[in-house]
Each structure stands twice: as C-alpha cells, then as structure tokens.
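The values are calculated or read from the model by the stated rules, or taken from the named source; none is laboratory data. Computed from a prediction, not measured in an experiment: that's the story for all the values here. Backbone-built Cβ (ideal geometry, glycine too); neighbour counts: all protein chains shown. These area figures cover heavy atoms from the full protein model, side chains too; ligands, DNA and RNA do not enter into them. Shrake-Rupley method; radii C 1.70, N 1.55, O 1.52, S 1.80 Å.
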Amino acid sequence: MTELVYTLVQAVHNYGTLAVVASPAVALGFRDRGADLERRLAWTLLLAWGLQAASGAGFAAASYGLKGQFPEVTGVALYSLVVKLVATVAGCALAALLLCARRLSSPRSRTVAWAACLGLAVVALTAAAPLRWYL
Ligand code: HEM
C-alpha cells in the first residue's frame, strides 16, 4: 500500500515535470504560431508548476500519513529542496506574468520570459537529482 501511494504521487510529479519543461520549450520553438497557442502554453505552465508544488507536498503528506512522520530533510537534500521551491515560486510568477502583464507585450520580452521559464525548469529538474540521492 505504501509503495502504491508513493508511486501514484511520483507519477503525478513526473507528468508535472514533463509539462514544466515542455511548455516553455514548445513556446520558444513555435514563437510565431500566434497568441492563442502561447496563452494555452502559459496556462499549462502555470498549472504544471502548481501541480509540482502540490505533488511535492504530497510526498511529505504520504510520509506523514503512512509512517507517522515527515522525512528528515537535511544538508544537500535540504538545499536541493529549497532550490526547487524557489524555482517553483519564480516559475509560477513568470507564468502568471506571461498571462496577464501588459509590460510583456513585445515579442522580445516574451521570448526572454519563456527562456527564463525554461531555465527555471532545468534548475528544478537538476535539483531533483541530489534531492533523490541525499534524502
Ligand atoms: C514545490 C516544489 C517541489 C517539491 C516540494 C518537490 C519535492 C519532491 C520530492 C519530495 C521528491 C521525492 C524525492 C525522493 O524521495 O526521492 C521529488 C522528486 C522529483 N522531483 Fe520534485 N519537487 C518540487 C518541484 C519539482 C519540479 C519543479 C520539478 C521539475 C521541473 C521536479 C522534479 C522532480 C523529479 C524528476 C523527481 C524524481 C527524482 C528521482 O527519483 O530521480 N520537482 N520532488
């Protein structure tokens, strides 16, 4: 039962990872395909960052519910988790900005914002490795 719960949380987290990385990559690759596609990708990205935060918390909730305590996160694992948290907050903010800020109306500023989103996704994905092995 414990393994099944962790597997389900991990599956959700993995699909969130896919969306967090793929949305900005697709937006950058199909820059001239119109505002409609870009808007959909920005929504996908915002929801995907939210999903990562929720499923990330889901790992902790599963540990507490099934084992009666939160995992002990210290040292390298703690730093990695903080990096992921900061990337997630910044990623959510940037995705929201892409959806509603008028200041990001020029194609150049939007390209920079999408590239920054992709950079944050890469940073979070990289931080997942030490979190996994130092936890
Ligand atoms: C608030 C944000 C996040 C939290 C709290 C969080 C938390 C976690 C936790 C607790 C694990 C399990 C570690 C383990 O026991 O092995 C995990 C795994 C993972 N996370 Fe996150 N995460 C967050 C965001 C992200 C983001 C944004 C990405 C990717 C862009 C990501 C990618 C991954 C991957 C790929 C794994 C699996 C690592 C492996 O097993 O090799 N996470 N995350």
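What are the pairs with Cβ atoms under 8 angstrom where one residue, in the stretch 44-61, is on the phi < 0 side of the Ramachandran plot and the other, located anywhere, is open to solvent by 50 Å² or more (accessible area, probe 1.4 Å) and at pLDDT below 95? Sequence gap at least six, or different chains.
From residues that are on the phi < 0 side of the Ramachandran plot, the pairs are PHE59/PRO71; ALA60/PHE70; ALA60/PRO71.
Take the conditions closer than 30 Å to LEU135 by Cβ, among the acidic types (Asp, Glu), open to solvent by 60 Å² or more (accessible area, probe 1.4 Å) and not in a helix (DSSP H, G or I) and apply them to GLU72. Does it pass?
Against the criterion (closer than 30 Å to LEU135 by Cβ, among the acidic types (Asp, Glu), open to solvent by 60 Å² or more (accessible area, probe 1.4 Å) and not in a helix (DSSP H, G or I)), GLU72 qualifies.
Condition first: part of a helix (DSSP H, G or I) and open to solvent by 40 Å² or more (accessible area, probe 1.4 Å). Now tell me which residues in the stretch 105-114 satisfy that.
Within the stretch 105-114, SER105, PRO107, ARG108, ARG110, THR111, VAL112 qualify.
From the set of residues in the stretch 115-132 that are more than 8 Å from the ligand (Cβ to nearest atom) and not aliphatic (A, V, I, L, M), which is most open to solvent (accessible area, probe 1.4 Å)?
Residue satisfying both the conditions and the ranking: THR126.
When both residues are 6+ apart or on different chains and their Cβ atoms are under 7 Å apart, which pairs have a first residue that lies in the stretch 4-25 and is over 21 Å from ARG110 (Cα atoms) and in contact (Cβ under 8 Å) with a residue 60 or more places away in the chain, and a second that is assigned to a helix (DSSP H, G or I) and away from the ligand (no atom under 11 Å from the Cβ)?
VAL5/LEU66
So how many residues does the stretch 8-43 have that are open to solvent by less than 50 Å² (accessible area, probe 1.4 Å), under 21 Å from ALA90 (Cβ atoms) and either touching a helix residue (DSSP H, G or I) at 6+ places or on another chain (Cβ under 7 Å) or not in a helix (DSSP H, G or I) (or both)?
Of the residues in the stretch 8-43, 14 are open to solvent by less than 50 Å² (accessible area, probe 1.4 Å), under 21 Å from ALA90 (Cβ atoms) and either touching a helix residue (DSSP H, G or I) at 6+ places or on another chain (Cβ under 7 Å) or not in a helix (DSSP H, G or I) (or both).
Restricting to the stretch 80-114, what's the tally of residues that are more than 13 Å from the ligand (Cβ to nearest atom), out of contact with any Phe, Trp or Tyr (no Cβ under 8 Å at 6 or more places or on another chain) and either touching a residue at least 12 places away in the same chain (Cβ under 8 Å) or acidic (Asp, Glu) (or both)?
The total comes to 7.
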